[in-house]
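Colleague: What follows is a single structure, and I will ask about it in a moment.
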Amino acid sequence: MVDLPELQAYAVAPGVPVRATTAAHPGQVFEGKVQTILPQVNSNTRTLQARLTMQNTDRRLLPGLFVKVELAGNTQ
């Protein structure tokens, strides 16, 4: 899951390619795509959540891990 600022979330659609990096695994890039964007805006943060499908066969990405995500040319 990734939080998207509401103004950018509406420009993202399912199937958009994503690339993610994390400080826990420097130099490694995880690739995937947007699976779905959930329809509810968080009123405190003004973000929407997107569910991503990532290549993670070696289980380096763990729930709750902070990652930097690039969505179709944008960085989140």
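The values are calculated or read from the model by the stated rules, or taken from the named source; none is laboratory data. Being a predicted model, the structure only gives us computed values, none of them experimental. Methodologically, a virtual Cβ is constructed for each residue, glycine included, from the backbone with ideal geometry; neighbour enumeration extends over all protein chains shown. Heavy atoms of the whole protein, side chains included, go into the accessibility calculation; ligands, DNA and RNA do not. Shrake-Rupley method; radii C 1.70, N 1.55, O 1.52, S 1.80 Å.
Colleague: Can you check what the net charge comes to around GLY15, using other residues whose Cβ is under 14 Å from the Cβ of GLY15 (Lys, Arg +1; Asp, Glu -1)?
Modeller: Net charge in that neighbourhood comes out at +1.
Colleague: What does the charge add up to near ASN44, with Lys and Arg as +1, Asp and Glu as -1, over the other residues with Cβ less than 15 Å from its Cβ?
Modeller: Surrounding charge for ASN44 is -1.
Colleague: Enter the accessible area per residue of the chain (Å², integer; probe 1.4 Å; all protein chains in place). Please list the in-between numbers first.
Modeller: Working: 5310 Å² over 76 residues.
Accessible area per residue: 70 Å².
Colleague: Follow-up question, since we're still on this one. Would you mind telling me the share, in percent, of accessible area of the chain contributed by carbon and sulfur at probe 1.4 angstrom?
Modeller: 51 percent
Colleague: Distances longer than 21 Å among the Cα atoms of the chain: what percent of all pairs is that?
Modeller: The answer is 24 percent, as a whole percent.
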